[in-house]
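The values are calculated or read from the model by the stated rules, or taken from the named source; none is laboratory data. All values derive from a computational prediction rather than experimental measurement. Glycine also receives a Cβ, built like all others from the backbone with ideal geometry; neighbour counts cover every protein chain displayed. Remember, those area values only see protein heavy atoms, side chains included, never the ligands or the DNA or RNA. Shrake-Rupley method; radii C 1.70, N 1.55, O 1.52, S 1.80 Å.
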Amino acid sequence: MRKFLLSLALPLLSASALSISAFAQNSLTPFEADYKVLYGDIGLGKAHFSLPAPEGNYYQYNFTSELSLLFLSDERSIKSKFRRTDHGLEPMVFIHQRTGTGSDFSEQVAFLKDKSIVRSNYKGEHVELPFENKLYDTMMVQLQFRQDLIEGKDALEYHMVKDNEIDDYSFKRMGEEVLNIDGTEYRTLRLEVIRDSKKRKTVVWMAPDLAYLPVRMTHFEKGDKQLDVQLTGYRFIDTTPAPLAANP
């Protein structure tokens, strides 16, 4: 159980049905989303994602979680700073802080595109990695993933920095599915992480009507459900300036 609590890296209001606003048409639309986290049928706590309005082409994507079970606890705070370019999203700074039962740790990653290197510090160990082609951190890659789904791209393959290494992740589409969460129905696209081993399985359901916001994610180890994250509420934020009032 402790291993599970420590494994939640991400890994984003009421539970009533909300209709998407017309301005929520891409993954960079500012939003907030809340999720409940379960271990099987046991409630562990909650997670919160927020993407505030940008400053020009510069964004910050935030994540917090609070999990507990008996005398075990796990709290996380993650910030991802990135920018939007003509070639897509480009990472800049990633900060991950973990506290709770067991050893606390932090992770800081600086993406230095002009020097073609990434400086990463995970649990006190410093490494330098090459910054080649498209590279993401484990937070802002979610937004690029959603945007690729919105644009109907076939290849869903990503290279991201995690735990002082560059990992490759790819997804395959498993078809559409209507999901009912706490009495609310969502039309979703089901996707699965492609893995070489069958010992682990990760499935995510994304809602096209919500700019492919994740509705549910489940993770299995050796056939047993280890993690279940479900949407409990969301809010898209309209940053369109209000029209000027007409002169009387």
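Side notes on the structure shown:
- Identity of the residue in the stretch 187-238, in contact with a His (Cβ under 6 Å, 6 or more places away or on another chain) and over 19 Å from His48 (Cβ atoms), that ends up modelled with the highest pLDDT: Thr202
- Filter result for Asn62 (within 17 Å of the chain's Cα centre (by Cα) and at pLDDT 95 or above): yes
- Leu179 in contact with a helix residue (DSSP H, G or I) (Cβ under 7 Å, 6 or more places away or on another chain) and either at pLDDT below 95 or open to solvent by less than 70 Å² (accessible area, probe 1.4 Å) (or both): no
- Within the stretch 52-79, the set of residues being under 23 Å from Leu112 (Cα atoms) and either aliphatic (A, V, I, L, M) or in contact with a helix residue (DSSP H, G or I) (Cβ under 9 Å, 6 or more places away or on another chain) (or both) comprises Tyr59, Tyr61, Ile78.
- Residue ranges of strands (runs of 3 or more DSSP E) in the stretch 29-143 with at least 2 members exposed (fewer than 13 other Cβ atoms within 10 Å of the Cβ): 125-130
- Counting only residues that are in contact with a strand residue (DSSP E or B) (Cβ under 8 Å, 6 or more places away or on another chain) and charged (D, E, K, R), the stretch 118-132 holds 3 of them.
- All positions within the stretch 147-168 that are under 18 Å from Ile194 (Cβ atoms), open to solvent by less than 50 Å² (accessible area, probe 1.4 Å) and not in a strand (DSSP E or B): Asp148, Leu149, Leu156
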